[in-house]
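Below is one structure; the comments refer to it alone.
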Amino acid sequence: MALPILPTTVVGSYPQPEWLVDRQKLRSQRVPRVRVPEIWRVPAERLEEAQDDATVLAIRDMERAGIDIITDGEIRRESYSNHFANALGGIDLERPGEVIGRTGAPTLVPRVAGRIRRERPVEVRDVAFLRANTDRVTKITLPGPFTMTRQAQNDFYADDAELAMDFAAALNEEIRDLKAAGADVIQLDEPWMQAFPEEARRYAIPAINRALEGIGGTTVIHMCFGYAATVGNDKPSGYSFLPELAEVSAQQISIEVAQPRLDLGMLRELGDKTVMVGVLDLHAEAIETPEVVAERIRAAIAVLPAERVIPAPDCGMKYLPRGRAFGKLKALAEGAAIVRRELGAG
């Protein structure tokens, strides 16, 4: 499927239905880093079928809203990161560890007790299911190697940089299988680079590039300040780690802009990268009008050529009410259509 100029996309997650997960339990805790099976409302023996049904709903919502590049909504995941990280060899699932999280609070995390290795495909079925249920351009997301390293208690490696490279090697194996299963776009989520910029400068870029080594097609690095539902309006006025991303091998960088109201001049710091620009404020309860979205897109293309701008939400939509999420995506698609017409491409 050919993409228009200013193609719209989601960052990754979409709201899971109330009949599938206990959303009150989900919201009552920090974003989980270890497994939390208690959030699922469906018995284990019926969970896969229920997740499949909910994934189809997410796909159809994105299609109905008019989104060009869609995901599976990350419906099968308890969080964006724990689904993959806890499926790897070398993780002690029985005895989790603890680290100080990006908000400064102690957080339960996977404990690395041996060498990290990929023992089986983790998201390959997810991609195959997505590909079988849509004819649109597809994207699949994975936690990045730096973020998984910071979200783990390292009880095995002498240096976190070595741990990150083994996470990257496991990701590379997974990504190759995801491409073979039909994924058009691969995205690595790296929100913790923003919170730990000095460590990120030491080893994040080599690890990301190792994860993407030899991978063809479109690749993306997503960086954000955290879910609006968990951090509220407490977001910085700028990124502490951004120009460095000009050195990653990924073609695209995804950043928040709408809620923190960042200076779009920073987009020039990313070299020749295409940028997924957040034009939906997920903290705001009000659904943006298409005209508001169009104005935010115009501000982005005043800095970068339209060919290098992909309008998107600020972050994942997991914690939003489903109706609000759908309404915001519809406004996103309609706002992009307004600007395309102004450019003579609609």
Within segment 301-327, residues part of a helix (DSSP H, G or I) and surrounded by fewer than 23 Cβ atoms within 10 Å (Cβ to Cβ) come out as 301, 306, 307, 308, 322, 323, 324, 326, 327
Note: among 343, 262, just one is within 21 Å of the chain's Cα centre (by Cα) and not small (Gly, Ala, Ser), namely 262
Checking 75, 59, 67 in turn, the sole residue that is under 22 Å from the mean Cα position of the chain (by Cα), in a loop (DSSP other than H, G, I, E, B), in contact (Cβ under 8 Å) with a residue 12 or more places away in the chain and more than 17 Å from residue 143 (Cα to Cα) turns out to be 67
Residue 90 meets each of (1) without any contact (Cβ under 8 Å) to a residue 12 or more places away in the chain; (2) touching a Lys or Arg at 6+ places or on another chain (Cβ under 6 Å) with one exception, condition (1)
When segment 311-346 is checked residue by residue, the ones that are under 11 Å from residue 290 (Cβ atoms) and among the hydrophobic types (A, V, I, L, M, F, W, C) are 331, 332, 333, 336, 337, 338, 339
For residue 284, the lone unmet condition from (1) within 18 Å of residue 220 (Cβ to Cβ); (2) surrounded by fewer than 18 Cβ atoms within 10 Å (Cβ to Cβ); (3) among the small types (Gly, Ala, Ser); (4) under 20 Å from the mean Cα position of the chain (by Cα) is (1)
Expected output for segment 287-300 (first residue touching a residue at least 24 places away in the same chain (Cβ under 8 Å), partner assigned to a loop (DSSP other than H, G, I, E, B), Cβ below 8 Å, 6+ apart or cross-chain) is 288/281; 296/257; 296/258; 297/6; 300/257
Residue hits (segment 116-135; farther than 12 Å from residue 185 by Cβ and crowded, with 22+ Cβ neighbours inside 10 Å) are 116, 123, 126
Of the residues in segment 17-59, those that are surrounded by 16 or more Cβ atoms within 10 Å (Cβ to Cβ), at pLDDT 95 or above, of a type in the set (A, V, I, L, M) and closer than 27 Å to residue 69 by Cα number 8
Picking from 138, 149, the residue that is of a type in the set (Ser, Thr, Tyr), buried (at least 23 other Cβ atoms within 10 Å of the Cβ) and modelled with pLDDT of 95 or more would be 149
By residue number, the members of segment 7-35 that are under 19 Å from the mean Cα position of the chain (by Cα) and of a type in the set (A, V, I, L, M) are 10, 11, 26, 31, 34
Of 265, 327, the only residue that is modelled with pLDDT under 95 and out of contact with any His (no Cβ under 9 Å at 6 or more places or on another chain) is 265
Conditions (1) buried (at least 22 other Cβ atoms within 10 Å of the Cβ); (2) over 27 Å from residue 68 (Cα atoms); (3) at pLDDT below 95 -> residue 112 fails only (3)
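The values are calculated or read from the model by the stated rules, or taken from the named source; none is laboratory data. Note that this is a predicted model, so its numbers are computed, not measured. Reconstructed Cβ throughout: ideal geometry from the backbone, glycine too, with neighbour counts over all protein chains shown.
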